[in-house]
Amino acid sequence: MPPPPEQSAANCSTPTYASDQLVCADPALLALDHRMVRLLAAASSSVPASLLHWFEPQAVWFRRRSRCAFSDRHAACLRAAYRERIEILSALAGRAASQWRPAALPVVCNTAPWGNGPVRLHSSHEGPLNIEDNRGTVLVVASSLQPRDDWTPFLRIVMENEGIRLEPLEGSAVRCRFLHDQPPGEVAPPGHPPQ
């Protein structure tokens, strides 16, 4: 029996995966799938994924999303998977620009794939984290969602005393240190209210 065809979204005409069957039967999950597809088209034209570090390719995300079928909380796992993907794609499409770029916080990240020079972190307490270089090129977009419902974000953000730690699903973590010339309280790290 040949492997199922590669997909990037649910196929409701001939659902092969158990997760597709659940998504296609659940109007709320199907709406999330449709929203993700629209955002995927908008995001791919605004920021080439090849410029990003730690961006999970859509086909890889879809295969991982399909493994939610092995969870006891199948629907909750799918909702978390879609929420993370929609948050990342919304940021890349520029749809959440007013939420995810309220201010820039200068940081230096050690052993980062983009180098060790200063970069700018954009964050709000409810949206994704974004790191740009000094020319405004997006280097990283990370979801503010924390692991739950048997779903782990592709890139996790962990708050530390003097900065953040970025933990990709695969590979080594990178620590970013806040530079001290930034007035406190201007940027709220993900999951934390402004000071």
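Which members of region 95-152 meet the condition of being touching a Cys at 6+ places or on another chain (Cβ under 6 Å), closer than 30 Å to Ala69 by Cα and either surrounded by fewer than 22 Cβ atoms within 10 Å (Cβ to Cβ) or modelled with pLDDT under 80 (or both)? Walk me through it before giving the result.
Here is the first cut: in region 95-152, the ones touching a Cys at 6+ places or on another chain (Cβ under 6 Å) are 107, 109, 149-151.
Among the residues that remain, those that are also closer than 30 Å to Ala69 by Cα are: 149-151.
Asp149, Asp150 - these are the residues of region 95-152 that are touching a Cys at 6+ places or on another chain (Cβ under 6 Å), closer than 30 Å to Ala69 by Cα and either surrounded by fewer than 22 Cβ atoms within 10 Å (Cβ to Cβ) or modelled with pLDDT under 80 (or both).
Give the residues of region 173-188 that are small (Gly, Ala, Ser) and at pLDDT 90 or above, sorted by residue number.
First, pick out the residues of region 173-188 that are small (Gly, Ala, Ser): 173, 185, 188.
Across region 173-188, the qualifying residue is only Ala173.
Quick one: how many residues across region 52-80 are in a helix (DSSP H, G or I), among the charged types (D, E, K, R) and touching a Lys or Arg at 6+ places or on another chain (Cβ under 9 Å)? Show your work before the answer.
The first filter runs over region 52-80 and keeps only residues in a helix (DSSP H, G or I), leaving 58-70, 74-80.
Of the ones still in play, those that are also among the charged types (D, E, K, R) are 63-65, 67, 79.
Adding the requirement that they be touching a Lys or Arg at 6+ places or on another chain (Cβ under 9 Å) leaves 65.
Result for region 52-80: 1.
Only one residue in Ala69, Ala43 is surrounded by fewer than 21 Cβ atoms within 10 Å (Cβ to Cβ) and either aliphatic (A, V, I, L, M) or within 19 Å of Cys12 (Cβ to Cβ) (or both), so which one is that? Don't jump to the end; show me each part of the working.
Numbers: Ala43 fails: surrounded by fewer than 21 Cβ atoms within 10 Å (Cβ to Cβ).
On inspection, the qualifying residue turns out to be Ala69.
All but one of (1) farther than 26 Å from Trp114 by Cβ; (2) in contact with a strand residue (DSSP E or B) (Cβ under 6 Å, 6 or more places away or on another chain) hold for Trp54, so report the exception by its number.
(1)
Collect the residues in region 133-149 that are of a type in the set (Lys, Arg) and in a loop (DSSP other than H, G, I, E, B), keeping them in residue-number order. Steps first, please.
At the first step, the residues of region 133-149 found to be of a type in the set (Lys, Arg) are 135, 148.
Within region 133-149, Arg135 is the sole residue that qualifies.
The values are calculated or read from the model by the stated rules, or taken from the named source; none is laboratory data. Fair warning: this is a prediction, and the values are worked out from it, not measured in the lab. Positions of Cβ are backbone-derived with ideal geometry, glycine not excepted, and every protein chain shown enters the neighbour counts.
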